[in-house]
Amino acid sequence: MRLLTSIFFLIAINISVLGQNTDLLSYYPVSYEQARARFLAKSEQILKKYSDAQLRSFRVPSKVDSNLYMDVLYIPAHNPQRLLILSSGIHGVEGFTGSAIQLMFLDHYLNDTLLQNVSLLLIHAINPYGYKYLRRVSENNVDMNRNSSVSDSVYKIINPGYDKINSFVNPTHPVNLCSAKNKFFLFRSLRMALKIGIPSFRQGLLEGQYKYPRGLYFGGFKQEPQIDTLKKFLTNIIRPYKFVMEIDLHTGYGHRGKLYLFPNPVAEPTRNLVENIFRGYPIEWGDTTKKFYKTNGDFIDFVGEIAQNKMYVPMTFEFGTVNSETTLGGIKALHIMILENEGHFYGYKHKRDSLRVTKKFVKMYNPQSKKWREQVIRQATRMLNTILPRFEKYPLH
């Protein structure tokens, strides 16, 4: 009977959410400050309703801003054996969509029925610097989704594939969009990819590198402060649970508006568990298609390290923006990332170049399109409607 009740409840949510486009759009913040204020306000309401809920705000050290915070809301279940973690903003500028989905979740999924068996942990704005200043990376130019690891050994990883492309993806001059190297970037990229092989180019670039601190996909020389904080915090929170599912929210890769399920390769028992929970949906395992890649220091793997010896489902929700799953779209996306990084460190020849690059970069991770934003919330809702009942009812070992 409880399973039927949960299913009918989720169907009702789906009808309610999908039928109110204005409400869907209202979840998207216009700034980091607004996103944080909304998350805190909603959390305060929840604290009043659930006396055992906890809200923690961790200030992130910064040389330029004393008001950067990662906020964490924890709501334990009545029968705390399952824990759902929903995290956002590890790639700062992607936090707009992540924050919107988290608020939607609290509005439409948090209820006494769910909390009978499922505890909730929402981590908001893991990278507040990147969120506020519209960068993907931290203040230290660290890609925090290549920095997340319990062990320091990840920072000693050598990526020889990156050495081959370093000078190509990390130019060291003021950005000039009218230069030959930028006008003919497509041809230069194809030549480079053909020279070393497209799979090698993709893997060498995207897996993460720990050598070039001004380079793309720099994973850092040590843990960023938030990761160190979360290592300690999550260890205590996760300890009593038998079953943990982590969903990390991202935007950028893939066909515009499409939701991709994107984990790293995992051992067979965990893989079977993931495929059972997400049964009926394609999962883009990094070892099963040439379009995808394996990463080091990934946040969902970091949570898995902490949740060792437990049933664990790691999943990245990736919402496509600029059709970067195609060769042409991928090259365009890479060019925008290179220009943004180059401009950050070496400036721009013309003010108009700065404006154009910033506009394209933000659009790639935070589209303003109403259609895209509605589509993202709808897809997130459909996916949650499917997986939450499965997670709640899945047999515990």
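For this structure, a couple of remarks:
- Taking the listed residues Leu120, Leu55, Leu103, the one that is crowded, with 19+ Cβ neighbours inside 10 Å and part of a strand (DSSP E or B) is Leu120, with no other qualifying.
- Within the stretch 239-253, being closer than 21 Å to Gly95 by Cα, modelled with pLDDT of 95 or more and either in a loop (DSSP other than H, G, I, E, B) or touching a Leu at 6+ places or on another chain (Cβ under 9 Å) (or both) holds for Met245, Glu246, Ile247, Asp248, Leu249.
- Among the residues listed as Ser43, Ser66, the single one being at pLDDT 95 or above and either part of a helix (DSSP H, G or I) or surrounded by 15 or more Cβ atoms within 10 Å (Cβ to Cβ) (or both): Ser43
- Looking across Ala53, Ala35, one residue alone is assigned by TED's automatic domain parsing to the domain that holds Ser138, modelled with pLDDT of 95 or more and over 19 Å from the mean Cα position of the chain (by Cα). It is Ala53.
- In the stretch 137-238, counting only helices (runs of 4 or more DSSP H) that sit wholly within it, the ones holding 2 or more residues that are among the charged types (D, E, K, R), without any contact (Cβ under 8 Å) to a residue 40 or more places away in the chain and not assigned by TED's automatic domain parsing to the domain that holds Gly347 span 225-238.
- Which listed residue is over 30 Å from Leu83 (Cβ atoms), at pLDDT 95 or above and in contact with a Pro (Cβ under 9 Å, 6 or more places away or on another chain), from Asn170, Asn141: Asn141
- Qualifying residue in the stretch 382-396 (condition: under 18 Å from the mean Cα position of the chain (by Cα) and in the same structural domain as His91 (by TED's automatic domain parsing)): yes
- Candidates Thr316, Thr381, Thr321: the one that is at pLDDT 95 or above and touching a Pro at 6+ places or on another chain (Cβ under 6 Å) is Thr321.
- When we screen Pro76, Pro61, Pro80 for residues that are closer than 16 Å to Phe233 by Cα, surrounded by fewer than 24 Cβ atoms within 10 Å (Cβ to Cβ) and not hydrophobic (A, V, I, L, M, F, W, C), the only hit is Pro76.
The values are calculated or read from the model by the stated rules, or taken from the named source; none is laboratory data. This structure is a prediction, so every number in the text was calculated from the model and none was measured. Reconstructed Cβ throughout: ideal geometry from the backbone, glycine too, with neighbour counts over all protein chains shown.
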